[in-house]
Amino acid sequence: MEKRVTFKGWLLPVALIAPQALISLIFFFYPAAQAVWQSLFIPDPFGLSSQFVGLGNFEFLLKDPYYRSSFVTTAIFSTLVTLAAMIPALFLAVVADRLIKGAGAYRTMLIWPYAVAPAVAGVLWLFMFNPRVGVVAWYLGQLGYDWNHVLNDGEAMGLVVAASAWGRISYNFLFFFAGLQAIPKSLIEAAAIDGARFWKRFFTIVLPLLSPTTFFLLVVNVVYAFFETFGVIHTITSGGPQQATTILVYKVFSDGFVGQDLGSSSAQSVILLVVVGLLTIIQFKFVEKKVHY
Amino acid sequence: MATVDLKDIKKSFGKVDVIHGVDMEIADGEFIVIVGPSGCGKSTLLRMVAGLETITSGELLIGGKRANDTEPMDRDIAMVFQNYALYPHMTVADNMAYGLKIAGMPKDQIKAKVQEAAKLLQLDHLLDRKPRELSGGQRQRVAMGRAIVREPSVFLFDEPLSNLDAKLRVQMRLEIKDLQAKLGITSLYVTHDQVEAMTMADRMIVMNGGVAEQIGTPLDVYERPQTIFAAQFIGSPSMNLMDGRIDGGQLKVNDVSLGPVDTREGDVTVGLRPEHVFADSAGVLRLNVHQSEPLGANTLLHGTLEGKAFTASLPGVHRMPGNDRDMSLNFASENLHLFDPKTGKRI
Ligand SMILES: Nc1ncnc2c1ncn2[C@@H]1O[C@H](COP(=O)(O)OP(=O)(O)OP(=O)(O)O)[C@@H](O)[C@H]1O
Ligand SMILES: [Mg+2]
């Protein structure tokens with residue numbers, strides 16, 4: 001049953017919506033509009049005046065090899081983060097779901113990493129993998145592996161992916177776990193009687209029935225990898241070495257605030273906005289089709 | 001096709017004993033109904049045969065081989081669940097084909113099998129639908145179909161009809177029985193409905209509180225119930241009970257003598273089915289009628305007899321008896337059942 005509340009006047013509803021609307025206006029629409037506006041200008045080196053260049057900033061960006069490679073980096077990074085955050089979470093959820101006793105305790109413990117802020121998580125991982133004093137780096141050295149993410153592209157990427165994905169595993173675990181618990185036990189039993197062993201059941205029954213959850217998490221995690229990993233990257237690699245971990249969002253920051261190229265930075269923000277819009281549309285259009293049952 | 005032997009099967013969940021030892025040998029092709037009130041352990045017993053619950057102690061033999069530790073998929077059984085447990089993301093055809101695909105049967109054979117089963121169950125036109133697009137009765141049929149395409153050696157049913165309306169239930173009951181007779185597959189069928197038990201069973205297990213009160217053919221249980229529980233559970237309306245006494249070879253209820261019996265002296269519980277009394281002005285039983293329920297073919301008269309509730313079922317239409325509402329009833333002595341009031345067992 002749908003419950004509807006009807007208001008007599010218009011004052012109360014407006015008052016109720018106002019705070020949220022105001023916040024959106026000030027912190028979202030206003031900066032977004034400014035970004036669009038500024039993307040059409042090039043400020044002079046001292047920031048005293050700016051010159052209208054139309055789509056010049058965009059033209060320049062699309063030809064810029066650094067910007068293009070940042071696209072590739074972002075694609076690799078977000079794919080890896082999404083996979084690294086979802087697959088272990090699913091695995092843990094499946095294991096916890098099989099437990100009869102103590103599932104609650106595991107669940108609670110597995111939630112903890114989610115409470116750690118991305119920047120703090122970044123620092124944590126940074127300490128562990130610090131080439132000189134890090135515990136893990138030291139052990140790797142003992143094993144004969146010379147870890148140095150400050151110089152090595154691949155290691156740098158691996159580290160930011162791990163640090164970004166780590167805290168998200170908790171979040172994803174919670175959703176997967178709830179999703180698994182919602183699958184009627186009799187379905188699993190029916191499949192077992194039909195002859196399906198654990199993995200067969202997992203791929204033919206559990207995973208398809210979990211697909212709404214998986215789809216939701218896919219969207220959420222990609223968005224996370226795009227926008228919320230800034231703190232991790234900033235603390236661990238600052239986009240380096242040689243831009244190997246400069247994802248689009250980080251480039252907006254480094255070009256705008258470090259490089260002081262506000263025009264280009266704004267244009268990048270606008271492009272990012274469009275990319276996210278497209279991504280969301282694609283995901284909903286194509287993935288969702290396979291989700292329904 | 002297989003025999004199923006239960007040897008002193010017991011089940012405990014932690015400290016709670018749920019099944020207290022069931023012994024039964026089921027012949028190949030037999031239709032066994034497990035009947036009893038809610039919570040008596042019917043599903044648990046069935047699920048142990050399916051391999052979905054571990055057996056705490058005792059032995060389960062399927063086809064003569066010990067199956068206690070065999071995985072469900074290796075027991076060659078099929079089960080119809082109370083909620084049908086159809087795979088919601090698969091079509092009707094895929095639901096039925098699932099087990100065959102896993103068994104690695106070639107595609108064209110699967111198709112033929114599914115077609116055949118669908119025809120048998122009148123599902124041909126629904127093969128491309130998803131379970132959510134089906135009615136309850138149709139879902140029930142799909143669940144049946146999924147079970148029969150695999151041609152298992154044992155069928156297990158857990159209250160498969162309890163979600164259907166009364167009319168459909170009667171129809172499906174006949175269809176299931178028919179199908180089982182046609183296929184000749186050993187079946188265990190759980191229900192709490194004694195009419196289903198009576199009409200479908202070759203033999204039935206009457207369960208109560210984790211104990212098999214009686215195992216026998218429906219007529220056996222009806223005509224010679226071994227315990228008070230079985231006597232009251234099977235038959236509708238249920239058997240009347242009276243507190244009686246055997247004194248010098250005479251069976252008495254209060255001061256009314258019900259005739260001579262040759263068993264042990266002392267207190268007994270006397271059972272008499274409502275349909276086994278008849279109106280007779282010379283009868284010894286005096287029923288004080290409180291209410292009558294005309295059912296058309298017969299009439300139920302509810303009242304008290306020697307201070308205890310008593311129901312009589314008389315053929316045809318009966319009006320409430322005259323002023324004092326008293327009515328004389330008689331019975332044939334072979335229809336009396338005597339139980340030991342302490343143990344509840346038949347004397
Ligand atoms: N997993 C379990 N853990 C503990 N107790 C259980 C469990 N499953 C069942 N029981 C208990 O075992 C008893 C028998 O349950 P069961 O499901 O076999 O009853 P049933 O005869 O099938 O009843 P119904 O007609 O309501 O389906 C019940 O008292 C129930 O509470
Ligand atoms: Mg049950």
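The values are calculated or read from the model by the stated rules, or taken from the named source; none is laboratory data. Predicted, not measured: the structure shown is a model, and the values here were computed from it. Here the Cβ is made from the backbone with ideal geometry for all residues, glycine too, and neighbour counts use every protein chain on show. The protein model used for the area step is the full one, side chains on, heavy atoms only, and it has no ligands, DNA or RNA in it. Shrake-Rupley method; radii C 1.70, N 1.55, O 1.52, S 1.80 Å.
Summary of values
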{"quantity": "Residues located in region B:140-160, provided they are within 16 Å of ligand 1 (Cβ to nearest atom) and crowded, with 24+ Cβ neighbours inside 10 Å", "calculated": "B:LEU156, B:PHE157, B:PRO160"}
{"quantity": "Residue count for region B:98-116, restricted to those that are among the hydrophobic types (A, V, I, L, M, F, W, C) and over 19 Å from A:ALA191 (Cα atoms)", "calculated": "1"}
{"quantity": "B:PRO321 vs. criteria surrounded by 13 or more Cβ atoms within 10 Å (Cβ to Cβ), in a loop (DSSP other than H, G, I, E, B) and within 31 Å of the chain's Cα centre (by Cα)", "calculated": "no"}
{"quantity": "Hey, B:PRO152 within 16 Å of ligand 2 (Cβ to nearest atom) and either assigned to a loop (DSSP other than H, G, I, E, B) or over 22 Å from B:ASP5 (Cα atoms) (or both) or not", "calculated": "no"}
{"quantity": "Index of the failed condition, A:PRO118 passing every other in (1) exposed (fewer than 14 other Cβ atoms within 10 Å of the Cβ); (2) in contact with an Asp or Glu (Cβ under 7 Å, 6 or more places away or on another chain)", "calculated": "(1)"}
{"quantity": "Subset tally (residues that are open to solvent by 10 Å² or more (accessible area, probe 1.4 Å) and assigned to a helix (DSSP H, G or I)) for region B:120-130", "calculated": "3"}
{"quantity": "Within region B:165-183, considering residues that are open to solvent by less than 30 Å² (accessible area, probe 1.4 Å) and under 23 Å from B:VAL206 (Cα atoms), the one farthest from ligand 1 (Cβ to nearest atom)", "calculated": "B:GLN180"}
{"quantity": "Residue pairs meeting the criteria (Cβ under 8 Å; at least 6 apart or on separate chains; first in a helix (DSSP H, G or I), in region A:95-118; second open to solvent by 70 Å² or more (accessible area, probe 1.4 Å))", "calculated": "A:ALA96/A:TYR106; A:ALA96/A:ARG107; A:ASP97/A:GLN181; A:PRO113/A:TRP166; A:PRO118/A:GLU228"}
{"quantity": "Criterion violated by B:ASP23 - all others in (1) open to solvent by 20 Å² or more (accessible area, probe 1.4 Å); (2) at pLDDT 95 or above satisfied", "calculated": "(2)"}
{"quantity": "Count of residues meeting criterion [within 14 Å of chain A (Cβ to nearest Cβ), open to solvent by 30 Å² or more (accessible area, probe 1.4 Å) and near ligand 1 (Cβ under 8 Å from one of its atoms)] in region B:26-71", "calculated": "3"}
{"quantity": "Tally, over region B:72-90, of residues that are open to solvent by 30 Å² or more (accessible area, probe 1.4 Å) and either facing another protein chain (nearest Cβ under 7 Å) or more than 22 Å from the chain's Cα centre (by Cα) (or both)", "calculated": "6"}
{"quantity": "Flag for B:ALA117 being at the interface with chain A (Cβ under 10 Å from one of its Cβ atoms) and either more than 23 Å from B:SER187 (Cα to Cα) or part of a helix (DSSP H, G or I) (or both)", "calculated": "no"}
{"quantity": "Enumeration of residues in region B:161-201 that are in a loop (DSSP other than H, G, I, E, B), within 23 Å of B:GLY235 (Cβ to Cβ) and within 15 Å of ligand 2 (Cβ to nearest atom)", "calculated": "B:LEU161, B:SER162, B:HIS192, B:ASP193"}
{"quantity": "Helices (runs of 4 or more DSSP H) within region A:192-239 that include 1 or more residues at pLDDT below 90 and crowded, with 20+ Cβ neighbours inside 10 Å", "calculated": "A:207-227, A:230-236"}
{"quantity": "Residues of region B:12-59 classified as away from ligand 2 (no atom under 11 Å from the Cβ) and among the hydroxyl-bearing types (Ser, Thr, Tyr), total", "calculated": "4"}
{"quantity": "Region B:305-327, residues that are out of contact with any helix residue (DSSP H, G or I) (no Cβ under 6 Å at 6 or more places or on another chain), closer than 27 Å to B:THR263 by Cα and modelled with pLDDT of 90 or more", "calculated": "B:LEU305, B:LYS308, B:ALA309, B:PHE310"}
{"quantity": "Boolean, B:ARG150 is facing another protein chain (nearest Cβ under 9 Å), at pLDDT below 90 and within 22 Å of B:LYS177 (Cα to Cα)", "calculated": "yes"}
